[in-house]
1. Can you pull the percent of Cα pairs in the chain with separation above 31 Å?
2. How tilted is helix 160-169 with respect to the longest principal axis of the chain? Cα atoms for both, answer in degrees (0 to 90, nearest 10).
3. Which residue, HIS181, PRO260, PRO304, has the largest displacement toward the positive end of the dipole of the chain when charges sit on each Cβ (Lys, Arg +1; Asp, Glu -1)?
4. Suppose the chain between ALA136 and ASP244 were pulled fully straight at 0.36 nm per residue; how much longer would it get relative to their current alpha carbon spacing?
5. What share of the DSSP beta bridges in the chain is antiparallel, in percent to the nearest 5?
6. Which of GLY162, GLY318, GLY76 moves the most in a Gaussian network model of the chain with Cα springs under 10 Å?
7. Might you report the magnitude of the Cβ-based charge dipole of the stretch 251-322 about its Cα centre, with Lys and Arg at +1 and Asp and Glu at -1, to the nearest 20 debye?
8. For a quick protection proxy, order the peptides 201-210, 291-300, 185-194 by their average other-Cβ count within 10 Å, most packed first.
Amino acid sequence: MSAAQGVNEQGHTVEIAAPDIEPYREGNTGVPFVATLDSGTEGPHALICALMHGNEISGAVALDHLFRQGISPQRGRLTLMFANTAAYGLFDPAKPLASRYVDEDMNRLWSPEALDDANNSVERRRARQLRPFIDAADFVLDLHSMQTGRRPLHLSGPTDKGRVFARRVGGAATIVSDVGHADGTRMRDYGRFNTPGTIQNALLAECGPHWELQTAKTAVSTAYRFLSVLDLLSPDAVPEWLEDSPPAQTWIEITDRFVPETRQASFARRFDGLDIVADAGTVIAWDGDREIRTPYDDCVLVMPARRLLPGQTAVRLGRHRGFDIDAG
């Protein structure tokens, strides 16, 4: 992890350098930037994905770290995947917002309908290359960073098994249980990952603010936690600095989303993420002339967007729930 690069012309501080992933292009699977490490013994197939969005570079830092450490599973298989490498190749610290994707958001394409249609965008071509690895995986960790908020989030999906798995991975993250976005399906919600009663599970880890050194550190520690929970690492491969964390006692149930319908949408004030609005009926935003109000007391605002665009999730609305099931 590199030292701070300073404030760029867009006003964003980029504290970490984008790692050179060219040494990982060849991999060993026949698909560029995808490598599978096989222990030769029985066990789950785990997959860690970085760069679903080309400018979320902390995940690339984490995979680069694992490769440099010579990580190898003691059982089962581990696939390490750099996803939107075309967008990542465009990353410029001076304009870090510009390389989220080339043609469209890759993390809205994970449904059979989207993957099988005739659209031939850069992201759909790449998602089709990656699909067999996602189909084959039992457990997936998808590493992201975020626009707003300081505290890491574990986006667990809507099922009990997703919340339990997020709790087992642990760390300092707040667990958020939701169904995803109105404009397409996330990889963590693909196929069997959201099917109750199956072993397959996935976790989308929002490791912290874009481009911060602490976010990269969280991405690395989350990768180790994921592998440790699955018992894929030998004890000597787990770093000493990986601290124990008590299981989370609460999670946030997402009940509503604000998706603007107009280009005249705005928040009533600045929200930074995990803000709690005390009173039901409080106006938090406008969409043209339409008032957007909180549906209940102590409403939690999760991941408010900086740019409010029609058809895209502007903020999730949720409430705290307690765990009533054993994390195992």
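Values quoted throughout were computed directly from the atomic coordinates according to the rules given, and no laboratory measurement underlies them. Predicted model only: the values in this text are computed from it and were never measured. Note that we place each Cβ from the backbone using ideal geometry, even for glycine, and neighbour counts take in every protein chain shown.
1. Numbers: 15632 of 53628 pairs.
I get 29 percent for the Cα pairs in the chain exceeding 31 Å.
2. The helix 160-169 is inclined about 60 degrees to the chain.
3. PRO260
4. Length difference between fully extended and current span is 35.8 nm.
5. Of those bridges, close to 55 percent are antiparallel.
6. Checking each option, the largest mean-square fluctuation is seen for GLY76.
7. Details: 11 positive and 11 negative charges, 63 e Å.
Once rounded to the nearest 20, the dipole reads 300 debye.
8. Descending mean neighbour count gives 201-210, 185-194, 291-300.
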